[in-house]
1. Restricting to region 237-259, what's the tally of residues that are under 17 Å from Ala204 (Cα atoms), among the hydroxyl-bearing types (Ser, Thr, Tyr) and either in contact with a helix residue (DSSP H, G or I) (Cβ under 7 Å, 6 or more places away or on another chain) or loosely packed, with under 14 Cβ neighbours inside 10 Å (or both)?
2. Going by what's in this entry, would Asp261 be described as in contact (Cβ under 8 Å) with a residue 12 or more places away in the chain, of a type in the set (Asp, Glu) and either out of contact with any Asp or Glu (no Cβ under 9 Å at 6 or more places or on another chain) or not assigned by TED's automatic domain parsing to the domain that holds Ser225 (or both)?
3. Among the strands (runs of 3 or more DSSP E) confined wholly to region 184-272, which include 2 or more residues that are charged (D, E, K, R)?
Amino acid sequence: MARSTTRARQLAKVFDLGLIRVQDGNLVTGNAVVDSATVTAISLDSAETIALIDSAYVQARQDFAYSSLTGVPAAGTDSSSVIALINEYSVDSAEVTSLIDSAYIQLRQSSVGSGGLDSAAVISLVDSAYVQLRQSSVGSGGLDSAAANTLIDAKVQVLDVADIVGAAGNPGEYLKSQGNGNAVWQAGKILNNWEEVSTTTFTASIGDRLIVDTTSAVTITLPASASLGDEIVIIDGTGNADSNNITIARNGHNIQSFDSDFTIDISRAVTGLVYYNATQGWILTET
């Protein structure tokens, strides 16, 4: 209806301008001059053009040159028809996944023939023997557990006590913990190392356990230096201390807080001494 109205309005403009007239029942050309004003008067603006050329007009003049397509509507192809065609002939992600699976990919891998390479194939190829042959730490044969143990044993054997504490120590010294992860060499012997004293004079060391032959009087001199907890034990081994006394020479330290030597004059006596401090010196643990 809009297109018919527009055409009628245009025809009326042509008659008004005298461009055509009716003569003897026929349309004949008039004698009026067509100038720019006349052209503008009979031209179509954008609104009139859109009214004439709408979607139905365009669809009716489409030329379907695709003979392979079926079901083309007679009035052209609108958006819903296009979507229907796309849905019919397109491939979505699910269809792609179903086509390109792991088997498809493996068949196109070139690392191991035409059959691809999965995790089981990798493990079967790269086993412990494969790895060892490519290690360079011990010749061309790799490094197995036996070779590792040999190297570790050799390293341990090279280390001695001096490597651990930084000094070799002196004869008769023992390794004493300082309670902070470090250790030092300490004069004396480890507890329970019993030693016979068969001479008349003897200088004791920290940790000595002495069994004394008292067939003669004996003098035992205490160590020149001592620290808290150092111990010495003295036993009358032959039972003659009542007549052949054992004299403990203090060597600059107090004994029982006294600055004098201590005498054992009881046969079969067992005398234990432990060092406390400078004031108390050596104190008795048993006698």
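The values are calculated or read from the model by the stated rules, or taken from the named source; none is laboratory data. Just so you know, these numbers come straight off a predicted model, no measurement behind them. Backbone-built Cβ (ideal geometry, glycine too); neighbour counts: all protein chains shown.
1. 0
2. Spelling it out, Asp261 is indeed in contact (Cβ under 8 Å) with a residue 12 or more places away in the chain, of a type in the set (Asp, Glu) and either out of contact with any Asp or Glu (no Cβ under 9 Å at 6 or more places or on another chain) or not assigned by TED's automatic domain parsing to the domain that holds Ser225 (or both).
3. On the way: elements: 194-197, 201-203, 209-212, 218-221, 231-236, 246-249, 262-264.
It comes to 194-197, 231-236.
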